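Encoded as structure tokens, the structure appears first; notes follow it.
Quick note: the coordinates plus some simple rules give every number you see, no bench work behind them. Keep in mind that this is a model prediction, so the values were computed, not measured. Reconstructed Cβ throughout: ideal geometry from the backbone, glycine too, with neighbour counts over all protein chains shown.
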Amino acid sequence: MKVFPGITPELANWIKQQPLFFNASAPLSGQGHVNLSPRGLDGLRVIDPNQVVILDMTGSGNETAAHLLENGRITIMFCAFTGAPMILRLYGEGEIILPGDDDWAELRGLFAPDLPGVRQIFRVLVTRVQQSCGEGVPLMDYVGQRDRLLNWARDKGEDGIRQYQKEKNSRSIDGLASPFAD
């Protein structure tokens with residue numbers, strides 16, 4: 001295991017090449033559920049050695065946002081499924097940036113402009129960068145990103161997405177409020 005003071009240029013380049021990453025968060029309650037979300041769609045940008053942003057798409061739940069509102073803790077993990085084995089974890093404190101917030105336009109501009117269903121952006125201040133071997137991670141062939149989520153969001157339209165967020169994304173499975181709570 002290696003620990004870095006921040007994301008090095010080499011690690012930032014490696015991160016950019018990964019088609020998949022995971023983020024994990026949890027409520028403070030020991031009775032609450034730990035959430036682990038797979039992420040794709042070119043949804044992460046390294047801003048500087050100690051800051052990344054994640055473009056969050058509308059989905060069936062909003063656990064990460066509820067956990068960030070409650071306690072800010074988040075871990076992001078990348079695994080090398082091709083090439084040399086490696087696991088990279090970014091530990092940090094996250095915040096939610098919503099449309100209309102001061103930093104929204106600048107951060108949203110880092111991603112493809114035509115993605116439907118964008119819900120929010122998570123800004124993560126990285127406090128620990130940890131690399132481990134990844135020898136147990138299987139080798140896999142990347143075929144491509146799925147388009148079903150994007151097609152679903154296009155079909156719903158902006159009004160339909162807002163209504164869905166209000167109905168389905170306002171509370172975590174443990175009852176914590178998200179930014180879409182009444």
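Averaging over all projection directions, the Cα-based convex hull of region 99-169 occupies 7.9 nm² in the image plane. A full extension of the chain between K168 and V137 corresponds to an added length of 7.8 nm, given 0.36 nm per residue minus the alpha carbon distance.
Taking region 1-39 and a reference point 7 angstrom along Cα→Cβ of T127, the backbone N atoms nearer than 18 Å belong to 3-7, 23-30, 35. Based on DSSP H segments of at least four residues, each scored -39500 (n - 2.57), the chain has a per-residue ellipticity at 222 nm of -7000 deg cm²/dmol. By the rule of a C-alpha distance below 27 Å, with chain neighbours fewer than 8 residues away ignored, the lysines paired with K168 are K156. Solvent-free Debye calculation, one equal scatterer per alpha-carbon of the chain: log10 I(q)/I(0) at 0.10, 0.19 Å⁻¹ equals -0.40, -1.41. Compute the distance from the alpha-carbon center of region 67-123 to that of region 22-58, in whole Å. Spelled out, the Cα-based centre of one part sits 6 Å from the other.
Subtracting the Cα-Cα distance of F22 and M1 from 0.36 nm times their residue separation leaves 5.6 nm of extension gain.
Taking Lys and Arg as +1 and Asp and Glu as -1, the other residues whose beta-carbon sits under 15 Å from that of M1 total +2. Diffusion coefficient of region 9-64 by Stokes-Einstein, Kirkwood radius over Cα pairs, 20 °C, 1.002 mPa s: 166 µm²/s. Taking the average, over residues, of other Cβ atoms within 10 Å as the packing measure, peptides 37-49, 95-107 rank 37-49, 95-107 from highest down.
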